[in-house]
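Peer 1: Handing you a structure now.
Nothing in this text is a laboratory measurement; each read-out follows from the coordinates by a stated rule. For clarity, every value in this text was computed on a predicted model and none was experimentally measured. Glycine gets a Cβ as well: all are built from the backbone with ideal geometry, and neighbour counts include every protein chain shown.
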Amino acid sequence: MLPRIVVAGNGQLGQMLQQAGAPLQLDVMPVDPNGDIELGLRPDDVITVEIEHWSDSVSGLQLKQHPNFRNAEALYAVIDRQRQKALLDRLQVPTSPWVSLEEGDLTSQLESVADKVIVKRRRGGYDGRGQWRWQKGDQPEAEWAGECIAEAMIPFSHEVSLVGARNAAGEKVFYPLTRNWHENGILRASVANLPVPAEQQQNAEEWLGRIMDDEGYIGVMAMECFVVDGKLLVNELAPRVHNSGHWTQEGSAISQFQLHLRALADLPLITPPVDGVSVMYNLLGRNWQPEWLQVPGVHVHWYGKEIRPGRKVGHVNICRANTAELIDSLKALQTLVDEADKVVFDWSIAQLEA
Ligand code: ATP
Ligand code: MG
């Protein structure tokens with residue numbers, strides 16, 4: 001008997017976990033953790049999360065206090081950027097230089113990190129929210145003290161992420177590094193299965209493996225990195241399935257969602273096969289169009305949300321057997337999307353041609 005998987009959070013990640021459970025008739029139940037209702041949890045349910053923050057509401061407490069609530073330790077460490085950075089330092093995983101901003105002379109604290117820094121709220125930020133840029137000579141905001149960390153602005157050549165999973169027996173598997181393009185802190189697109197130096201892949205797997213082992217983690221975790229002079233620096237961790245892993249839905253025979261469920265339900269964890277190349281394009285405040293489905297390799301994932309400017313309302317995976325075919329599909333889809341999104345395709349094609 002497979003356990004029922006209860007997901008704290010009922011956004012698109014919960015929805016996609018549910019879709020991934022369907023072929024196995026694995027019951028995946030996303031719930032609102034901020035509600036004030038009795039959720040009717042059963043003792044053998046397994047609880048996972050798609051979000052990192054929720055209130056101590058009636059439902060929220062039932063989830064947190066369930067004996068099979070997974071990864072409480074990892075969530076505690078990662079939910080607060082200060083604790084997350086301290087974890088990376090303790091495990092000797094390279095990350096950008098940082099300090100925790102405390103009451104007192106903020107300018108000298110900021111200057112001790114670098115001439116250009118990014119100030120990040122310790123808790124609650126996502127998609128680039130809760131972040132400020134500061135450079136030498138700027139006036140710091142008094143409200144940063146006690147609330148934020150400051151980290152050096154990294155002159156990266158590009159950004160990559162690693163998505164991996166670990167099960168209760170400590171077995172770990174990983175996807176190839178994914179190249180990501182963020183704009184104003186929001187992921188616009190990812191390109192997967194580009195050739196990467198073996199050392200980068202090995203280092204990333206070793207670090208994420210070390211982190212998951214340390215936390216006794218079960219499920220999928222993502223690690224975002226900067227690439228500087230060909231070396232990786234870890235930006236941040238996400239203790240859940242991740243937007244930069246969405247390409248695995250059609251780009252691998254085992255999606256990150258299925259991988260997460262396998263780890264949680266203690267089903268065999270094998271290295272996910274990845275044969276072709278993929279691009280994931282986020283629909284940010286845009287609708288999709290039926291004619292897109294004519295383009296070979298195009299798969300639309302629509303979240304059923306109201307469209308608002310900049311809001312993540314869906315994504316499109318474009319998956320082909322090789323680079324030449326993928327570029328053909330990207331060029332075809334490029335002619336059909338909103339003018340302002342054509343640049344996403346220029347970027348993706350440039351990564352593939354490099
Ligand atoms: P997510 O939605 O992925 O959780 P987030 O809002 O939590 O994002 P970060 O990943 O810390 O925030 O930052 C968002 C983006 O801002 C990064 O992907 C990167 O493009 C840029 N950024 C963040 N920190 C730095 C840094 N130290 N140096 C340069 N760029 C940075
Ligand atoms: Mg991020």
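Peer 1: In whole angstrom, how far apart do the alpha carbon centroids of segment 43-84 and segment 232-268 sit?
Peer 2: The two parts, judged by their Cα centres, are 18 Å apart.
Peer 1: In debye, nearest 20: dipole of segment 224-286 around its Cα centre with unit charges on the Cβ of K, R (+) and D, E (-)?
Peer 2: On the way: 4 positive and 6 negative charges, 27 e Å.
Using only the charged Cβ atoms, the result is roughly 120 debye.
Peer 1: Pick from ALA321, ALA198, ALA86: which is most flexible by mean-square fluctuation in a GNM of the chain where alpha carbon atoms under 10 Å apart are linked?
Peer 2: ALA198
Peer 1: Based on the Cβ-Cβ distance from GLN289 to ARG129, what FRET efficiency comes out when R0 is 45 Å, to the nearest 0.05? Numbers along the way, then the final one.
Peer 2: Values: r = 29 Å, r/R0 = 0.65.
E(calc), rounded to 0.05, equals 0.95.
Peer 1: With an 8 Å Cα cut-off and a minimum separation of 6 or more residues, compute the relative contact order for the chain in percent. Walk me through the intermediate numbers first.
Peer 2: Numbers: 713 pairs, mean separation 46.9, N = 354.
Dividing the mean separation by the residue count of the chain yields 13 percent.
Peer 1: What are the radius of gyration and Dmax of the chain, computed over its Cα atoms and given in Å?
Peer 2: For the chain, the Cα-based Rg and Dmax read 20.3, 62 Å.
Peer 1: For n ≥ 4 DSSP H runs only, could you compute -39500 (n - 2.57) per run for the chain, divide by its residues and tell me the 222 nm figure to the nearest 500? The partial results should precede the final answer.
Peer 2: Working: 10 runs with 95 residues, N = 354.
Counting only the DSSP helices, I get -7500 deg cm²/dmol.
Peer 1: Sticking with this structure for a sec: Where the only charges are on Cβ atoms (+1 Lys, Arg; -1 Asp, Glu), what is the dipole of segment 97-152 about its Cα centre, to the nearest 20 debye?
Peer 2: 300
Peer 1: Treating only the Cβ of Lys, Arg, Asp and Glu as charged (+1, +1, -1, -1), what charge dipole size does the chain show about its Cα centre? Round to the nearest 20 debye.
Peer 2: Numbers: 32 positive and 47 negative charges, 73 e Å.
In debye, rounded to 20, the chain gives about 340.
Peer 1: Mind giving me the nanometre distance, one decimal, between the label points for GLU199 and LYS342, set 7 Å out from Cα along Cα→Cβ?
Peer 2: It works out to 4.0 nm between the two label points.
Peer 1: Only residues of segment 229-250 count here: report those whose backbone N is under 14 Å from the spot 7 Å along Cα→Cβ of TYR303, or say none.
Peer 2: 241-246
Peer 1: Please compute the modelled spin-label separation between MET153 and GLU73, points set 7 Å along Cα→Cβ, answer in nm with one decimal.
Peer 2: Computed distance between label sites GLU73 and MET153 equals 3.9 nm.
Peer 1: Under a point spin-label approximation (7 Å from Cα along Cα-to-Cβ), what is the LEU24-ASP266 distance to one decimal in nm?
Peer 2: Taking the simple label geometry, LEU24 and ASP266 are separated by 1.3 nm.
Peer 1: So, one more: Would you please give the residues with an amide H less than 5 Å from that of LYS312, counting only those at least 5 places away or on a separate chain, with H modeled from the backbone geometry?
Peer 2: GLY285
Peer 1: With a cap of 16 neighbouring Cβ atoms within 10 Å, and only residues DSSP puts in a loop, list the GluC sites (Glu not before Pro) found in segment 276-354.
Peer 2: On the way: sites: GLU291, GLU306, GLU325, GLU339, GLU353; in loops: GLU306.
Sites meeting the loop and neighbour criteria: GLU306.
Peer 1: Between their Cα atoms, which of LYS116/LYS342; LYS64/LYS120; LYS305/LYS342; LYS231/LYS342; LYS85/LYS116 are more than 28 Å away from each other? Intermediate values should be presented prior to the final figure.
Peer 2: Details: LYS116/LYS342 31 Å; LYS64/LYS120 26 Å; LYS305/LYS342 23 Å; LYS231/LYS342 30 Å; LYS85/LYS116 18 Å.
Among LYS116/LYS342; LYS64/LYS120; LYS305/LYS342; LYS231/LYS342; LYS85/LYS116, the Cα-Cα distance tops 28 Å for LYS116/LYS342; LYS231/LYS342.
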